[in-house]
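A.B. asks: My structure is below; once you've seen it, I'll send some questions.
What follows draws every value from the coordinates through simple rules; no lab data is involved. Remember, predicted model here, so these are calculated numbers, not experimental data. Cβ placement follows ideal geometry from the backbone for every residue including glycine, while neighbour counts extend to all protein chains displayed.
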Amino acid sequence: MKKTLLCLLGLLLISSINAQEDQKWEPKEIINTQYVGNPLFSHDSKMVIWSKKESLEKEDKFVNHLYLTYLDKDKKDKFRTVQLTRGKESEGNALFGKNNENIYFTSSRDEGKKLWKLSLYGGEPEEVHEFENDISDFKWKDEHTLFFVSSEGKSLYDIKNEKDNTQIIEDTLHWNPKRIYSYDLDSEEIKRITNNDYRVSDYEVSRDGKYLIYRLTLSPDFGVDGNPKPTYFLKNLSTGEETQILKGLQSPGNFKFTANSNGFFFLATKSSNPEWEGAGISELYYYDLSSNNYKKVDLHWENGLEYNYMISGDDVIAQLANGALKKVAAYIKDGDSWKMREFDLGEKAKHVELLEMGENGQKLLYTYSTASKLPEYYVTDLKKGRRNVGLENTKEFVSLNDKLKKKPIAKSEVIYWKGANNDSISGILFYPKNYKKDQKYPLIVSIHGGPTGVDQDSWSESWAYFPQIYTDKGAFVLKPNYHGSGSHSLEFIESIKNGNYYILDQEDIKKGIDFLNEKGMIDMDKLGIKGWSNGAILTTWMTLQYPDMFKVAAPGAGDVNWTSDYGTCQFGVTFDQSYMGGAPWDDTNGKTYNQWYVENSPIFEIEKIKTPTIIFHGSEDRAVPRDQGWEYYRGLQQVGQAPVKFLWFPGQPHGLQKVTHQLRKMKEEIAWIDKYLFEKEENKNEAFKEESPLAAQLIIQKNMNENGYYGSLKNGKLTPEMVSLGKDTISIGRFEVTNAQYQQFKGGELDVLHANEPVTGLSKEEIGNYLNWLNETTGSNYRLPNKKEAEKLSKLAKKNFKGQNNLNYWAGYELNQLDVDDLKKKTAELKSSLIQPVGSHLPVKISEKQIFDIGGNVAEYYKDGDELKVYDFSAYDFVDPYSNENKTPAKYTGFRLVKEKE
């Protein structure tokens with residue numbers, strides 16, 4: 001058997017590793033990349049339950065399904081993983097029962113008001129209880145009792161006003177509090193645990209079930225007005241006593257009790273502007289329950305923490321903020337303090353992200369990735385030494401995205417340059433595929449949001465940012481961490497506040513472009529810029545400040561008018577007070593803030609913009625209201641200096657959530673950048689459908705010679721047209737071999753009426769002689785499909801038989817096996833043949849190439865060892881979905897050729 005095989009993998013044929021080099025990343029692959037979500041160890045740390053997001057195209061939504069990985073069960077040296085839930089609904093809030101024999105979870109089914117239980121011994125999920133109101137955030141209090149958050153239901157005021165669809169945006173007099181309740185699994189009794197007047201937005205229960213800490217937000221939509229601040233309460237569940245705690249700290253959260261329940265850790269923000277919830281760094285604190293007091297844990301690290309940290313007994317494993325790279329450190333309790341210890345991750349240290357810790361404080365789940373490496377997941381045991389904390393028994397947890405890992409992925413690296421104030425600025429640089437040194441390439445600057453977002457050297461392809469697609473097209477992509485980016489020092493994060501917004505970050509981005517230009521890497525005549533949210537804000541600002549620099553811009557969900565942002569943005573008050581330094585009407589210390597709001601709003605200078613711009617917005621975006629997009633579009637459209645296109649996604653918030661909307665955003669952006677940066681616009685006829693009967697006929701027409709016969713002329717002879725399936729791989733016949741093509745070898749008079757019909761009824765010897773002649777005439781290597789190739793083609797034929805030339809088609813209805821014999825009697829009455837010229841029906845796609853007559857017209861031969869066998873179906877065959885039997889006679893059997901790579 002030759003080493004090159006036809007492998008039809010869902011419509012894709014590949015035969016060698018080299019063929020992978022031609023594979024391009026597609027939008028569907030980006031949005032369907034798989035990740036381990038919300039992992040949770042069982043109480044004995046022998047299992048992990050986790051979720052995986054999947055897209056449902058027909059339902060136009062994403063759902064989360066639950067998976068279970070057994071850490072004590074190996075299968076071929078891999079942990080055994082099983083999928084627990086399926087279907088059109090989404091599951092979440094999964095918890096192991098205290099006996100580790102059941103899993104409890106919530107689901108979007110039945111309005112999401114039910115608690116479900118699934119036995120790990122098998123069976124269907126069973127309903128535990130249906131609650132009257134919304135439910136969320138289930139947590140164990142003890143082995144029989146679950147806590148959860150819910151509202152109190154509708155008041156009379158609500159009932160009186162529910163008959164129309166009026167939306168009350170905010171009403172500080174009437175808003176339903178959210179409280180903590182308990183549910184007893186044995187008695188099914190529900191009790192109210194808290195009696196707060198406002199909304200519980202975060203809580204945690206001690207492991208011994210004796211203490212509860214919770215946060216109340218005192219505004220209907222905290223973040224809009226910045227005040228009043230949330231309050232925090234510690235409740236003794238034995239005595240019922242409640243104490244307000246953590247006064248004076250900015251935004252405490254992410255509470256985690258120690259294993260012995262003597263206290264809890266939490267994070268709080270350090271900023272110079274706590275009044276307006278200013279962006280800052282996260283610091284770690286410990287609250288001691290015996291003294292009812294807290295202290296800050298000295299991290300010995302200027303940048304503070306990223307949000308994630310884990311508890312191992314009384315010790316802490318922390319994810320430290322480290323700019324474009326990752327860093328993990330251990331803090332080992334020593335008396336009343338904690339000592340920093342190195343966390344030994346070896347070569348992976350700068351690219352590891354903590355995911356979950358087992359209750360025993362020994363098992364750890366983490367992910368490893370780079371900007372050029374898809375995530376890998378590992379489970380390991382902690383090994384605490386005197387000088388450091390190391391790992392042992394490390395093993396891959398689960399393997400995801402195996403097909404994507406085989407695709408060509410762009411080289412990337414963390415680069416540094418001098419930005420504003422001569423500070424060091426980092427960025428992730430993605431190289432063009434097939435990059436050649438000393439050659440200049442286009443550059444797309446891809447700007448993160450926030451502004452306290454950060455681009456790190458980890459995998460982050462998404463519908464909003466997808467460097468792999470643009471590096472496929474031959475461009476550099478730069479993701480800069482401008483001043484104000486998170487995971488840096490407090491000074492760096494706060495440097496763009498108090499009226500400095502735009503000033504430093506603009507300079508950072510410009511100098512990053514200059515840095516690459518000075519190295520001779522980029523073509524300054526081919527620059528593009530894009531971003532979402534704050535990335536869109538900076539995209540717009542750059543095209544205004546440098547009107548002749550960029551060939552294309554693609555901003556999504558960005559502001560252009562700060563005077564309206566203050567009141568309409570969900571967090572406009574806190575954001576604008578912090579970054580702009582005051583409200584639009586403020587006039588303090590001789591400074592008129594209104595002047596700043598006008599001078600720094602692009603809408604008032606939009607006549608300067610010359611860059612072709614495509615604008616995206618969700619219609620229900622409260623973070624950056626859609627009317628900002630309207631103002632942006634109308635300004636550019638009226639000025640008329642730049643082509644502009646505005647897309648608005650109905651019903652979508654700040655981040656797009658529908659499958660169709662994510663794909664549409666990507667495809668529209670790609671087409672726009674193709675047109676204005678890569679100058680690859682296709683002159684498409686918008687009335688022409690690529691998969692229509694007309695399209696098929698045009699393909700057929702291209703493959704006719706001047707006499708109207710199908711095929712290609714090789715050395716003056718009519719030969720079968722072959723379709724290449726990729727670089728360094730085989731080709732396959734677009735049609736079966738026709739009478740006209742076979743006549744070139746056989747000689748004699750051609751029956752012109754049947755010239756383009758498949759040649760049938762040939763013997764093995766006749767087909768062999770034709771192949772010998774064809775190979776000698778062309779100098780190529782033609783052959784029949786082999787067994788494995790035929791099996792794949794047969795599956796494709798069975799999948800696509802509808803509408804093809806087979807007995808099912810001629811029946812005119814959904815043909816059943818019971819009617820086949822009677823129907824065949826009627827075909828015997830025909831004086832003409834049901835066999836038609838090749839290409840008479842719509843094609844199917846193989847590796848995105850149009851191939852005809854798979855699933856009908858004539859059955860086809862393949863070679864199994866030294867024997868000829870039949871696959872596919874003829875016009876006289878019933879395609880039976882429940883049988884693979886094929887006894888098509890020779891008079892209705894032809895053949896399609898395969899040509900080896902040359």
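A.B. asks: Determine the relative contact order of the chain: mean sequence separation of Cα pairs under 8 Å and six or more apart, normalised by residue count, in whole percent. Walk me through the numbers on the way to the answer.
C.D. replies: On the way: 1978 pairs, mean separation 75.9, N = 902.
After rounding, I find 8 percent.
A.B. asks: List 661, 174 from most exposed to least, where exposure is judged by having the fewest other Cβ atoms within 10 Å.
C.D. replies: Details: 661 19, 174 11.
By the 10 Å Cβ count, ascending: 174, 661.
A.B. asks: Using Cβ contacts closer than 10 Å as the measure, can you line up 540, 33 from fewest to most? It would help to have the intermediate numbers written out before the result.
C.D. replies: On the way: 540 27, 33 16.
Lowest count first: 33, 540.
A.B. asks: Now for a separate question. Using a ≥ b ≥ c from the Cα gyration tensor of region 388-542 (square roots of the eigenvalues), is it rounded, prolate or oblate, where a/c under 1.5 gives rounded and otherwise the larger of a/b and b/c decides, a/b for prolate?
C.D. replies: Details: a/c = 1.81, a/b = 1.18, b/c = 1.53.
Because a/c hits 1.5 or more and a/b fails to exceed b/c, region 388-542 counts as oblate.
A.B. asks: With a cut-off of 20 Å, note down the residues of region 844-880 whose backbone N falls inside the zone around a label point 7 Å from the Cα of residue 723 toward its beta carbon.
C.D. replies: 844-862, 871-875
A.B. asks: Order 815-826, 512-523, 495-506 from most to least packed using the mean count of other Cβ atoms within 10 Å. Write down the numbers at each step before the final one.
C.D. replies: Working: 815-826: 11.7, 512-523: 16.9, 495-506: 20.3.
By packing density, highest mean first, the sequence is 495-506, 512-523, 815-826.
A.B. asks: Another question about this same structure. At 0.36 nm per residue, and after removing the present C-alpha to C-alpha distance, how many nm does the segment from residue 344 to residue 259 gain when stretched out fully?
C.D. replies: 28.3 nm
A.B. asks: Could I ask something else about it? Just to confirm my numbers, what's the Cα centroid distance between region 104-165 and region 342-408 in Å?
C.D. replies: 34
A.B. asks: Report the paramagnetic label zone for residue 362: residues of region 56-82 whose backbone N is under 19 Å from a point 7 Å from Cα along the Cα-to-Cβ axis.
C.D. replies: Label zone hits: 70-74.
A.B. asks: Applying a 10 Å radius around every beta-carbon, put 576-586, 768-778 in order of their mean neighbour count, most first.
C.D. replies: Working: 576-586: 19.7, 768-778: 16.2.
So the peptides 576-586, 768-778, ranked by packing, come out 576-586, 768-778.
A.B. asks: Right, something else. Determine the calculated [θ] at 222 nm for the chain from helices alone, applying -39500 (n - 2.57) to every DSSP H run no shorter than 4 residues and normalising by the residue count; nearest 500 deg cm²/dmol.
C.D. replies: Working: 17 runs with 163 residues, N = 902.
Computed ellipticity for the chain at 222 nm equals -5000 deg cm²/dmol.
A.B. asks: Hey, another quick one. If the cut-off is a Cα-Cα distance under 19 Å, which lysines reach residue 714, setting aside same-chain residues fewer than 8 apart in sequence?
C.D. replies: Excluding near neighbours in sequence, the set is 702, 746, 899, 901.
A.B. asks: Using 28 Å as the Cα-Cα cut-off, could you pick out the over-long pairs in 295/373; 78/407; 684/795?
C.D. replies: Listed pairs above 28 Å: 295/373; 684/795.
A.B. asks: Can you give the FRET efficiency to the nearest 0.05 for residue 752 and residue 833, using r as the Cβ-Cβ distance and R₀ = 25 Å? Each step should come with its number before you reach the end.
C.D. replies: Numbers: r = 16 Å, r/R0 = 0.63.
My answer for the efficiency is 0.95.
A.B. asks: First measure r as the distance between the Cβ atoms of residue 99 and residue 692, then evaluate 1/(1 + (r/R0)^6) with R0 = 45 Å and state the FRET efficiency to the nearest 0.05.
C.D. replies: Details: r = 60 Å, r/R0 = 1.33.
The value I calculate is 0.15.
A.B. asks: Another question, then. Run the numbers for residue 126 and residue 773: contour at 0.36 nm per residue of separation, minus the present Cα-Cα distance, in nm.
C.D. replies: On the way: separation 647, 0.36 × 647 = 232.92 nm, distance 6.81 nm.
Gain in length upon complete extension: 226.1 nm.
A.B. asks: Filter the chain for me: DSSP H helices, axial length by Cα at least 27 angstrom, mean Kyte-Doolittle hydropathy not below 1.0. List them by residue number.
C.D. replies: Working: long enough: none.
Helices meeting the criterion: none.
A.B. asks: Using modelled backbone amide H atoms (1.01 Å from N, in-plane), which distant-in-sequence or interchain residues come within less than 5 Å of residue 620's amide H?
C.D. replies: For residue 620, the qualifying residues are 651, 652.
A.B. asks: Name the shape class, rounded, prolate or oblate, that the alpha-carbon gyration tensor gives for region 319-383, where a ≥ b ≥ c are the square roots of its eigenvalues, rounded holds for a/c under 1.5, and otherwise prolate holds if a/b is larger than b/c and oblate otherwise.
C.D. replies: oblate
A.B. asks: Assuming 0.36 nm per residue, please report the length gained on full extension of the stretch residue 802 to residue 59 beyond their Cα-Cα distance.
C.D. replies: Extending this stretch completely gives an extra 265.1 nm.
A.B. asks: If you take semi-axes √(5λ) of the Cα gyration tensor in Å from the coordinates, which of (i) 72, 38, 28; (ii) 58, 36, 28; (iii) 49, 31, 26 do you get?
C.D. replies: Comparing each candidate, only (ii) matches the computed number.
A.B. asks: Here is a follow-up. Work out the length of the dipole vector of region 693-899 about its Cα centre, built from +1 on the beta-carbon of each Lys and Arg and -1 on the beta-carbon of each Asp and Glu, and round it to the nearest 20 debye.
C.D. replies: Numbers: 27 positive and 27 negative charges, 107 e Å.
For region 693-899, the charge dipole is close to 520 debye.
A.B. asks: Next question. Under 1.5 on a/c is rounded, so check that first for region 43-147, then, if it is not, pick prolate when a/b is larger than b/c and oblate when it is not; a ≥ b ≥ c are the square roots of the alpha carbon gyration tensor eigenvalues. Don't jump to the answer; show the numbers that get you there.
C.D. replies: Working: a/c = 2.20, a/b = 1.13, b/c = 1.95.
Oblate is the answer for region 43-147, as a/c is 1.5 or above yet b/c matches or exceeds a/b.
A.B. asks: Now for a different question. At a 10 angstrom cut-off on C-beta neighbours, averaged per residue, how do the peptides 665-678, 843-856 rank from highest to lowest?
C.D. replies: 843-856, 665-678
A.B. asks: So, one more: Please compare each pair in 210/327; 437/608; 418/658; 665/788; 437/526 to a cut-off of 29 Å on the Cα-Cα distance and tell me which ones are over it. Present the calculation step by step, with values, prior to reporting the outcome.
C.D. replies: Details: 210/327 34 Å; 437/608 36 Å; 418/658 40 Å; 665/788 40 Å; 437/526 18 Å.
Over 29 Å Cα-Cα: 210/327; 437/608; 418/658; 665/788.
A.B. asks: To make sure I understand, if each residue's beta carbon is the centre and we count other beta carbons within 10 Å, what order do 30, 190, 493 fall in, fewest to most? Don't jump to the answer; show the numbers that get you there.
C.D. replies: Values: 30 20, 190 14, 493 27.
Listing 30, 190, 493 from fewest to most nearby Cβ atoms yields 190, 30, 493.
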